[in-house]
Amino acid sequence: MAMFSLQDKVAIVTGGSRGIGRAIAETLAAQGAMVVVNYVRGESAAREVADGIVAAGGRAEIAGFDVGDMLASEECVAAIAKRHGRLDVLVANAGIAKDGLLLRVKEDDLDQLLAVNVKGALGCARAAIKSMMRARGGRVIFMSSVVAELGNAGQVAYAASKAALIGVTRTLAREYASRGITINAVAPGFIETDMTAAIAEPARTELMKAIPLGRIGTAREVAAAVSFLASDEAAYITGQTLRVNGGMYV
């Protein structure tokens, strides 16, 4: 069997309709997983991802729920696990960014950001872990960010939410290791997505100077790290943050 095979595993990717989430969904499916692509508003985009996976010989379905609603997230993840009879991998990828200096951050923006990036991830994880405990095994992967560890002026709320996930990762790793469940995080640096495409010159040139590898990363490179952590080969890795950042933070 090929290394990092996910044959017959069931995986959920939240926020899987575009960007890094899409690349993760496609990569897990290519490794043999049945992938559930979550979306909140982009149903047509999620359907396009799932159809592409099926056309390539993989298996996928879509599931619309808002990770910003913790209870709904728990219920939907539990329902998916029950329907498939198992849940092997959860990638808590859905997230939002609201930038601003601390003195300008609105409380509503902070609440929404924490609801999606932290509480939503925890809600999905709680339902996934309940299913994984019965199976005595599973993989939970949180998507953090280089700004969680490096910091970035103007992103205090976002950095707080992504740093929270690193603390969550370390804690849940200790809580559920005895059940054979590994909990890890992936912390991407600057990756080519719709968000980074909007960065204009000369800011982009300045950004390159901060990246030792001298380029922006690709969503596929992040997805490769996720697929490794989701695999059986990563069974002895838990509580870790895998940095995919071109050397920006080491």
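The values are calculated or read from the model by the stated rules, or taken from the named source; none is laboratory data. On a predicted model such as this, the values are computed, not experimentally measured, just so you know. We place every Cβ from the backbone using ideal geometry, glycine too, and count neighbours over all the protein chains shown. These area figures cover heavy atoms from the full protein model, side chains too; ligands, DNA and RNA do not enter into them. Shrake-Rupley method; radii C 1.70, N 1.55, O 1.52, S 1.80 Å.
What number of residues within the stretch 221-250 satisfy the criterion of being closer than 24 Å to residue 151 by Cα and out of contact with any strand residue (DSSP E or B) (no Cβ under 8 Å at 6 or more places or on another chain)?
Summing the residues that are closer than 24 Å to residue 151 by Cα and out of contact with any strand residue (DSSP E or B) (no Cβ under 8 Å at 6 or more places or on another chain) in the stretch 221-250 gives 3.
Just to be sure I understand the filter: pairs with C-beta atoms under 7 Å, separated by 6 or more residues or on different chains, first member in the stretch 9-27 and at positive phi, second member of a type in the set (Gly, Ala, Ser) and crowded, with 24+ Cβ neighbours inside 10 Å. Which pairs pass?
So the pair list comes out as 15/21; 15/94; 15/95.
Which of the residues spanning the stretch 6-48 are open to solvent by 20 Å² or more (accessible area, probe 1.4 Å) and either aromatic (Phe, Trp, Tyr) or assigned to a loop (DSSP other than H, G, I, E, B) (or both)?
7, 8, 9, 15, 18, 31, 39, 40, 41, 42, listed by residue number.
Where the second residue is part of a loop (DSSP other than H, G, I, E, B) and open to solvent by 20 Å² or more (accessible area, probe 1.4 Å) and the first is in contact (Cβ under 8 Å) with a residue 24 or more places away in the chain and among the aromatic types (Phe, Trp, Tyr) and lies in the stretch 141-161, which pairs have Cβ atoms under 9 Å and are six or more apart or on separate chains?
Listed by first residue and then by second, the contacts come to 142/93; 158/95; 158/96; 158/97; 158/98; 158/99; 158/152.
Consider the stretch 61-119. How many of its residues are of a type in the set (D, E, K, R) and under 19 Å from residue 36 (Cα atoms)? Spell out how you get there, then give the answer.
Here is the first cut: in the stretch 61-119, the ones of a type in the set (D, E, K, R) are 61, 66, 69, 74-75, 82-83, 86, 88, 98-99, 104, 106-109, 111, 119.
The next check asks that each one be under 19 Å from residue 36 (Cα atoms); those that pass are 61, 66, 69, 74-75, 82-83, 86, 88.
Residues that pass the stated criteria total 9.
Restricting the search to the stretch 56-93, which residues are within 24 Å of residue 161 (Cβ to Cβ), open to solvent by 20 Å² or more (accessible area, probe 1.4 Å) and in a loop (DSSP other than H, G, I, E, B)?
Correct list: 66, 68, 69, 93.
With 128, 163 as the choices, which residue is under 24 Å from residue 18 (Cα atoms) and open to solvent by 20 Å² or more (accessible area, probe 1.4 Å)? Show your work before the answer.
Working: 128 fails: open to solvent by 20 Å² or more (accessible area, probe 1.4 Å).
Going through 128, 163 in turn, the sole match is 163.
Is there a residue being under 24 Å from residue 12 (Cα atoms) and open to solvent by 50 Å² or more (accessible area, probe 1.4 Å) anywhere in the stretch 205-220?
The initial filter retains those residues of the stretch 205-220 that are under 24 Å from residue 12 (Cα atoms), namely 217-220.
Next cut, open to solvent by 50 Å² or more (accessible area, probe 1.4 Å) only: 218, 220.
There is at least one residue in the stretch 205-220 that is under 24 Å from residue 12 (Cα atoms) and open to solvent by 50 Å² or more (accessible area, probe 1.4 Å).
Can you tell me which residues in the stretch 188-235 are in contact (Cβ under 8 Å) with a residue 24 or more places away in the chain and in contact with a Leu (Cβ under 7 Å, 6 or more places away or on another chain)?
The initial filter retains those residues of the stretch 188-235 that are in contact (Cβ under 8 Å) with a residue 24 or more places away in the chain, namely 188-195, 210-235.
Residues satisfying the conditions are 190, 225, 227, 229, 230, 231.
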